[in-house]
Each structure stands twice: as structure tokens, then as C-alpha cells.
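The values are calculated or read from the model by the stated rules, or taken from the named source; none is laboratory data. Computed from a prediction, not measured in an experiment: that's the story for all the values here. When we count neighbours, we look across all protein chains shown, and the Cβ atoms used for this are built from the backbone with ideal geometry, even at glycine.
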There are 2 protein chains.
Amino acid sequence: MPVPRTIDRDARKAQLASAVWRIIVERGIGAVSVRSVADEAGVVVGSLRHVFPTRAELLEFSARLMVERATARILATPRSDDPVEFACAIMRHLLPLEPDSRAEFEVNLALIAESPALPSLVEIRDYATREVEELCHQAVELLTARPRDDTSLAAARHLHALVDGLALHLLTQPADADSTWATALLRAELASLTARSP
Amino acid sequence: MPVPRTIDRDARKAQLASAVWRIIVERGIGAVSVRSVADEAGVVVGSLRHVFPTRAELLEFSARLMVERATARILATPRSDDPVEFACAIMRHLLPLEPDSRAEFEVNLALIAESPALPSLVEIRDYATREVEELCHQAVELLTARPRDDTSLAAARHLHALVDGLALHLLTQPADADSTWATALLRAELASLTARSP
DNA sequence: GGCGTTCTAGCACAACCGTGCTGCCAAGAT
DNA sequence: ATCTTGGCAGCACGGTTGTGCTAGAACGCC
């Protein structure tokens, strides 16, 4: 049985997904169409549709890959002896401070804004939210060195809301504006968690 | 000089704007077109375009009216003797706890997500952000009873991020889910502000 | 070399989009 | 009664969208 030429489908998918991200960042989610994405990726529509038969599949994969990338980056955070600095380094990855994470958050927001029209993306978004929530729980556990209870649950929710709110504000200001205040705020919050623990 | 029949343009504009909101909430920002809005409002495209010649003007007015409505609702908050309860009542208006405020926040988010494509809406969004920021400053001043300085600025930013993060999380959960935890979290944060002041 | 399969390239179609434009209707001032 | 003008209804046009479908090109295996 002959096995004809095959391209690296995963690489091709990633190439197309990053084209999607670029368009979302530069022109908004509304500008994402099979044609604009194919153009941006430098392929023809036929090739794109050979890998992603429908637009929904294209967006779904793009969203999923984005979550994977973010997860990988967070897991790759170098351990630190200082708990506050370690937690801060992890949480910083959730803020749109660099082009990559900025794109990730922008895509995340686009998913929320378009969720009524794209129900298949809701579960991806919810999965990502649960992951971040779990991360906040772990951060609280690390800093307070206590098991989970009602107060630590509230603290985790507080931290989660704070991080996402900071992300929202960083996104609405220009990419090159001063953003040291956000890190400082985050570090102060994390430090106060250790201070409050007995 | 003859003066022919005139409709209440402001009422007509508000009618069309609320149709825009409904579509954003139910079908996402991507589903907002002159035709879908005219349908939803029960008028024909020609009539809509008589009031809003272009789609951009329609969206711009809808966004501006939304900010006005929110501002009015906040200003109408009854004063309370308890500073924490008063601040909490005001901040609750910024959370998507009821259909109206839910729609407002959803529209706000849609504006952010589509800002690359609709630059004219950016300044409206920025104006709304500044208003909320100012509100947070006033809340901090009220609770700590101290003038603005670096620490109160940080506290206001903290509060602002927390409120917007909470709003984001409330939006991603079903409209009828339990949301008492958000109010509790907010009240605790506001109470801790008074506690910290000397 | 020939075959078979994957990939590429693109046409076609129906639907939808924003917007320019043209009549028609109704109502109030004269 | 007539005239003037704001509002209503809708057609038309060029563009874009998602997707079905077909024909050819490129390549690994026999």
C-alpha cells in the first residue's frame, strides 16, 4: 500500500493557529475568516480547508492550542526559594505583559465575547478558567502553608479576580505603557497572604 | 414654513440601542448588523438608517447610552450611614448581577474585543474606565478617610482590578448561578480597607 | 516508470454585509 | 386644498462570507 507525501499536519495547524492569533490581536475577532487567515498564513483557502474543514474547527483548535501554550509556559517557570517570588513569577504569566501572553488574553476575551455564537468554545474557556482557579488555590496553599478551607477558598477567588482584573486593565492600555505597577500590586497582594498566615 | 410630522428621535435611538444590546447578549457582537438590529427593533433597514446613517454611528450611540445608563444608576444609589454598605452598594452596580448590568458589562467586553476594528469606540471605553477608576478612588477615600497618596492610589487600583475581575467571573458563569460569594468577597475587601486605616 | 494518495489551487454558489439611492406616504403650516 | 418636508419602505450594487466541489500537482511506494 503506497504512502504518499504527507506534510507535518501539527506544524501546519500551529502555523494557521498563530495566523488566527495575529489577526485577532491586530484586527479583532470579527476579522477572522477562512480567507483572511489563509492569507495571513500564506496558504490558499483550499489548503486551509484541507486541514480545517470548517471555520469552527479552526477556531476551536486555535483556542485549545493557546491554552496548551500558556499551560506549558507556566509549568516551565523556574522554581525559586522565595515563595512570594515564585508565586509572583507564575502569576505574571497570566498577565498580558509580553506579546505572547497579550495575544493569549486577547484571544481569551474574544472567546468570551463571541461565546453566544460559538458554543463549542465555551468549554475550552471554562477549562482554562478552572486551570487558573486551581493555580490560585495552589498559590494560596504555598503562601499560607495551610490546608484548603473556607478562608483559603475565598483568598484564592480573591487572587483569581485580582489577576484577571489586572489583565483586563493591562490590555486596555497601550502595549508599551508602563506596567510595573501591576507587578508591584500583585507582589504586594501575595506578600500580604504570607503575612496573614500564622 | 411647514413643519411635517416628527417622531421622538431620542426614543427611537434608545429603542434601536436596546435592540443592539439584546443581540450582543444573545448572539454575540458578531451578529450585530444593520439588518439584524432593525429586525430586532421591529423596524425596516431604511428607518434605522434614517436615524443612524452608518453602522458605526449605531454602535457608537449604543455604547455611549450604555455608559450613561450605568452612570445614572450609580448616581441614584441611596446614601447609607454605613460607609462599607454604601460603597458596597455602589460597587455592586459594576457587577453583572442583574440583566441590565450584565448586558452593560457584556457590551463593554465586546467593545474591548472589537476595539482594533472600531477605533471610535476606544475612547468611549476609556472614558468608562476612567469613571470607574475615579469611583474606586472615592470609595477608598470614603473608607480610609484620608487624602490621596501613593498607598491610596494603589488601593484604588487594587479595588478596581478586583471589581472588574469579579465581573469577568460572574459573566462566565450562568446568569442564574449563585453569586452571593462575589458580594461577600467585595464586602470583605471594603471592610478591610476601613480596618487598615488608623 | 507507473500508481495511488495527499495536498494544492481555485471555481461556484447562496447567503449576508454596508450603504447609496429612489419613490411614497403622512402630517402640519399656509 | 396645497405644498413642503420628515419619515418609511425597499431595491440595487459591489463586496465578503462559509462551504461544496472538481481538477491538477507532488510525492512515496511497488
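Quick notes on this one:
- Yes/no for A:Leu111 being under 26 Å from B:Leu109 (Cα atoms) and modelled with pLDDT under 90: yes
- When A:Asp10 is tested against (1) within 14 Å of chain B (Cβ to nearest Cβ); (2) away from DNA strand D (no atom under 13 Å from the Cβ), just one condition goes unmet, and that condition is (1).
- Residue list for the stretch A:183-198, filter: in a helix (DSSP H, G or I), more than 9 Å from every other protein chain (Cβ to nearest Cβ) and small (Gly, Ala, Ser): A:Ala191, A:Ser192, A:Ala195
- The stretch A:14-32, residues that are over 18 Å from the mean Cα position of the chain (by Cα) and away from DNA strand C (no atom under 11 Å from the Cβ): A:Arg27, A:Ala31, A:Val32
- Candidates B:Glu98, B:Glu123, filtered to the one that is at pLDDT below 95, more than 13 Å from chain A (Cβ to nearest Cβ) and closer than 30 Å to A:Pro116 by Cα: B:Glu98
- Residue match in the stretch A:41-64 (condition: farther than 25 Å from B:Gly30 by Cα and in a helix (DSSP H, G or I)): yes
- Subset of the stretch B:43-69 (residues that are among the hydroxyl-bearing types (Ser, Thr, Tyr) and near DNA strand C (Cβ under 8 Å from one of its atoms)): B:Thr54
- Selection within the stretch B:37-92 - within 16 Å of DNA strand D (Cβ to nearest atom), within 14 Å of chain A (Cβ to nearest Cβ) and aliphatic (A, V, I, L, M): B:Ala56
- Options A:Arg148, A:Arg102, A:Arg157, A:Arg130; residue that is buried (at least 20 other Cβ atoms within 10 Å of the Cβ) and among the basic types (Lys, Arg): A:Arg157
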